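Any read-out appearing in this document is the output of simple, stated calculations on the displayed coordinates, not a laboratory observation. These numbers were taken from a predicted model, which means no experiment stands behind them. A quick note on method: Cβ atoms are made from the backbone with ideal geometry, for glycine too, and the neighbour counts reach across all protein chains shown.
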Amino acid sequence: MAYTDEITRRLISVIDYASGLPVHKLIGYARNLNFWIAETRHCLDTIDGYESRYQEMCRAERSYYDEHKDDWQKRRRMGQSPQVQMRSIKAHELKELRRALLSAINRLISRCFHEGFVDAEDLQQIESILGVDFRSIAKNTE
């Protein structure tokens, strides 16, 4: 399983759990919302940066093979061949993972907002950190 997939799915699971808690339990997650937002930002960065990290890994492997051609020619004769690392997660899977994560954090933020644990100013700050528009949360209560 890809690291990106694993950490994001675990975070989604925790956020989904927290979103469904009774209000007296939700407050604990709300008080630590900065942590959950930071974790979400980290997962988004991991998702968004996957392709560039993969390309860099491929370039590094190709460069290594080019610099060690003699060694690899010997290895080929022994039945070994250099193979570029395969992607551990596909582009459409990354897109779905990103959508699922943003949907989960939206549910948690919405719940915290409706319980009065997050205000409109907090929403603006969260939007800035995550690069996402959550204004619909506040508009639904006006």
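To the nearest ten degrees, helix 3-19 and the longest principal axis of the Cα atoms of the chain are 10 degrees apart.
The relative contact order of the chain, computed from alpha carbon pairs under 8 Å that lie at least 6 residues apart in sequence, is 39 percent.
Taking the Kirkwood radius as Rh and the Cα radius of gyration as Rg, the stretch 3-139 has a ratio of Rg/Rh equal to 1.21.
For the stretch 3-139, a simple Cβ point-charge model (Lys and Arg +1, Asp and Glu -1, everything else neutral) yields a dipole of about 540 debye relative to the Cα centre. Within straight-line reach of residue 69, meaning a Cα separation under 15 Å, sit the following aspartates and glutamates at least 8 residues removed in sequence or on another chain: 61.
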